[in-house]
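Below you'll find the structure, written out as structure tokens, and then a few comments.
Nothing in this text is a laboratory measurement; each read-out follows from the coordinates by a stated rule. Keep in mind that what you see is a predicted model, and the values were worked out from it rather than measured. We place every Cβ from the backbone using ideal geometry, glycine too, and count neighbours over all the protein chains shown.
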Amino acid sequence: MTRNPDRPLSPHLTIWKWGPHMLVSILHRITGAGLATVGAGVFVWWLVAVAGGADSYAYFALWATWKWSLIVWIGLTWAFFQHLLSGLRHFVMDAGAGFELKTNKFWAVMTLVWAILLTAAVWAYIILGRLA
Amino acid sequence: MTTDTTAAPAAAAVAPAEDAAHHWGLERMLSVSTLLLFVWFLVSLWRLPGLDQQSVAEWLKNPLAAVPMLLLVVSTFWHLKLGLAVVVEDYVHEAGSRFAWLVVINFLSLFAAGLAILSVLKIALGSSA
């Protein structure tokens with residue numbers, strides 16, 4: 001906002017490379033924004049549809065069970081778990097722990113791995129339940 | 001993370017210093033309450049006999065479901081309003097458009113929360129199925 005462009009930036013600010021901690025950090029924001037818009041929208045629509053009675057719920061269910069909606073449901077499931085796990089990681093870091101390079105990297109990778117595993121587990125459970 | 005020199009004055013422009021610690025604590029309180037209420041919500045949905053309109057409406061007629069559902073709505077929408085505001089404050093640098101975005105976020109999150117609360121109350125207080 002009020003930075004004097006004539007003054008140089010510290011040279012170290014331009015020297016960095018991607019790491020899992022950066023990916024998890026930006027994914028926390030992206031998944032949060034996705035849940036806050038798409039997730040919250042679907043959630044409110046669902047509640048309004050329940051309150052509206054059988055017809056309004058049938059209309060919601062029509063969209064919710066459309067085959068391409070599965071992309072949204074699986075996407076929201078993954079976003080939920082990724083945001084939840086990186087949020088828990090943030091709690092640990094808020095307490096001042098987990099900043100050692102190896103520990104920090106390990107738990108950043110763990111949030112990525114477990115978000116995918118939990119998403120796969122939930123949808124395997126749902127799909128296998130349908131087939132049974 | 002943006003670590004440029006605009007970060008400190010930008011944060012100072014958003015909230016007075018004495019409010020910052022309170023804001024930080026509130027964010028974390030709402031994170032925990034949103035997490036716990038969502039665990040309750042998802043387990044409750046899983047335990048329902050079905051996700052048809054009657055099953056869901058029947059469930060929300062019970063005050064022991066309606067009240068935590070109202071708390072979930074308040075906690076979740078407050079949490080997402082604070083979160084979206086942080087994203088806007090970090091990435092939208094021009095004062096006018098930042099203000100416009102914050103107004104939109106505040107209005108839409110309150111509007112959506114209002115719709116959700118009214119729907120829960122309508123189901124919980126409604127006389128017929």
Only one of (1) in contact with a helix residue (DSSP H, G or I) (Cβ under 9 Å, 6 or more places away or on another chain); (2) more than 9 Å from chain B (Cβ to nearest Cβ) does not apply to A:ALA36, and that is (2)
Let me spell it out: the conditions are (1) closer than 23 Å to B:TRP46 by Cα; (2) in contact with a helix residue (DSSP H, G or I) (Cβ under 6 Å, 6 or more places away or on another chain); (3) not in a helix (DSSP H, G or I), and A:GLY98 meets all of them except one. Which number is the exception?
(1)
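Only one of B:LEU110, B:LEU71, B:LEU102, B:LEU84 is closer than 25 Å to A:ILE26 by Cβ, in contact (Cβ under 8 Å) with a residue 12 or more places away in the chain and either more than 9 Å from chain A (Cβ to nearest Cβ) or hydroxyl-bearing (Ser, Thr, Tyr) (or both). Can you tell me which?
None of the others qualify; the one that does is B:LEU102.
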Residue selected from the range B:65-101 under the condition among the aromatic types (Phe, Trp, Tyr) and buried (at least 16 other Cβ atoms within 10 Å of the Cβ), by the criterion nearest to B:VAL120 (Cα to Cα)
B:PHE77
